[in-house]
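Below is one structure, written out as structure tokens; comments come after it.
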Amino acid sequence: AASRVYDGTLTASVSGIILSGALATDNIGVTGLFADKNVGNSKAVTFALTGTNAGNYSISLPGSVANIIARALTLSGTPVAASRMYDSTRIAAISGASLVGAVSGDSIALSGLFADPNVGTAKPVTLALTGTDTGTYSISLPTGLIANITARTLVVTANNQVMNFGGPIPSLTYTVGGAGLVGTDSQSTVFTGLLAVNTTGAYPGFTAPITQGTLVLTVGPGGNYTISSFVEGTM
């Protein structure tokens, strides 16, 4: 059995075998099959009779081994990494280039990865192959790509509350809208501080505005967000 480059099939090329005893007019031959299509060294190959008349014959065939070598891909075009808003992942969209040489039907694509998911300017982006069939291919990918991750915009809205005059002030809560929080980020990790309300003054209709107070973004995870607007609530 001959070693070959990955082609998405189980077929192994066979040489050095001559069948004796077959009728001259019969369609019969020998083929080799790998156990799977994947790249690997010294992979087992099973020989079998093939052809329209194979069922009329019997034979004891030996086994063999051969290699399936990774298929080399090339890149068409010049890849460009796209800047985007923070989404808690390292994924960078790539355009301007396509893979050449992949076997039809294989799951293989070109993707980009930031070194980390955080907001930043001119962040390095590394190209990589992705997909379930990446292990069967090889490629030389360019370097030097950069892109930006911009802050995710949030709209913070204070929730309306009701209290008895002179009684205790209830917990002041808020909802987060706009682009919203992503990944494992939460109000407790992204925000610090408290909303505020002044219930000691005289307001028409017995109401008071719930303001942003000391509520701000944290230094760590909060650095990937910006508060585009704050909507006051009513007590």
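Has the range 95-108 got any residue that is among the polar types (S, T, N, Q) and out of contact with any strand residue (DSSP E or B) (no Cβ under 7 Å at 6 or more places or on another chain)? Yes: the range 95-108 contains one or more residues that are among the polar types (S, T, N, Q) and out of contact with any strand residue (DSSP E or B) (no Cβ under 7 Å at 6 or more places or on another chain).
When the range 39-49 is examined, which residues are found to be exposed (fewer than 15 other Cβ atoms within 10 Å of the Cβ) and touching a Ser or Thr at 6+ places or on another chain (Cβ under 7 Å)?
Ala48, the sole residue that qualifies.
Within the range 57-84, being exposed (fewer than 14 other Cβ atoms within 10 Å of the Cβ) and either of a type in the set (D, E, K, R) or out of contact with any Ser or Thr (no Cβ under 9 Å at 6 or more places or on another chain) (or both) holds for Ser58, Ser60, Pro62, Thr78.
In the set Gly16, Gly8, only one residue is out of contact with any helix residue (DSSP H, G or I) (no Cβ under 7 Å at 6 or more places or on another chain), within 30 Å of Ser95 (Cα to Cα) and part of a loop (DSSP other than H, G, I, E, B); that residue is Gly8. Selection over the range 19-35 of residues that are surrounded by fewer than 17 Cβ atoms within 10 Å (Cβ to Cβ), among the small types (Gly, Ala, Ser) and in contact with a strand residue (DSSP E or B) (Cβ under 8 Å, 6 or more places away or on another chain) gives a count of 2.
Among the residues of the range 198-215, those identified as more than 13 Å from Thr157 (Cα to Cα) and either modelled with pLDDT of 95 or more or assigned to a loop (DSSP other than H, G, I, E, B) (or both) are Asn198, Thr199, Thr200, Gly201, Ala202, Tyr203, Thr207, Ala208, Thr214. Contact annotation: residue pairs with Cβ atoms under 7 Å, 6 or more positions apart or on different chains, pairing a residue in the range 27-46 that is closer than 17 Å to Gly135 by Cβ and in contact (Cβ under 8 Å) with a residue 24 or more places away in the chain with a partner that is among the polar types (S, T, N, Q) and not in a strand (DSSP E or B), are Lys37/Thr9; Asn38/Thr136; Val39/Thr136.
For the range 144-163, the count of residues that are open to solvent by 40 Å² or more (accessible area, probe 1.4 Å), within 17 Å of the chain's Cα centre (by Cα) and of a type outside the set (Phe, Trp, Tyr) is zero. Is the range 153-160 home to any residue that is closer than 30 Å to Asn224 by Cα, in contact (Cβ under 8 Å) with a residue 40 or more places away in the chain and of a type in the set (Gly, Ala, Ser)? The answer is yes, given that some residue of the range 153-160 is closer than 30 Å to Asn224 by Cα, in contact (Cβ under 8 Å) with a residue 40 or more places away in the chain and of a type in the set (Gly, Ala, Ser). Checking each residue in the range 85-96 for being open to solvent by 30 Å² or more (accessible area, probe 1.4 Å) and either under 15 Å from the mean Cα position of the chain (by Cα) or under 29 Å from Tyr6 (Cα atoms) (or both) picks out Asp87, Ser88, Thr89, Arg90, Ile91, Ala93, Ile94, Ser95, Gly96. Consider the range 1-18 and keep the residues that are aliphatic (A, V, I, L, M) and open to solvent by less than 60 Å² (accessible area, probe 1.4 Å). The one that is farthest from Thr52 (Cα to Cα) is Ala2. If you filter the range 164-184 down to residues that are among the hydrophobic types (A, V, I, L, M, F, W, C) and assigned to a loop (DSSP other than H, G, I, E, B), you find that the one that is surrounded by the fewest Cβ atoms within 10 Å (Cβ to Cβ) is Phe165.
The values are calculated or read from the model by the stated rules, or taken from the named source; none is laboratory data. As the structure is a prediction and not an experimental result, all values here were calculated from the model. For neighbour counting, all protein chains shown are included, and Cβ atoms are generated from backbone atoms with ideal geometry for every residue, glycine included. Areas reflect the complete protein model, heavy atoms only, side chains present, ligands, DNA and RNA absent. Shrake-Rupley method; radii C 1.70, N 1.55, O 1.52, S 1.80 Å.
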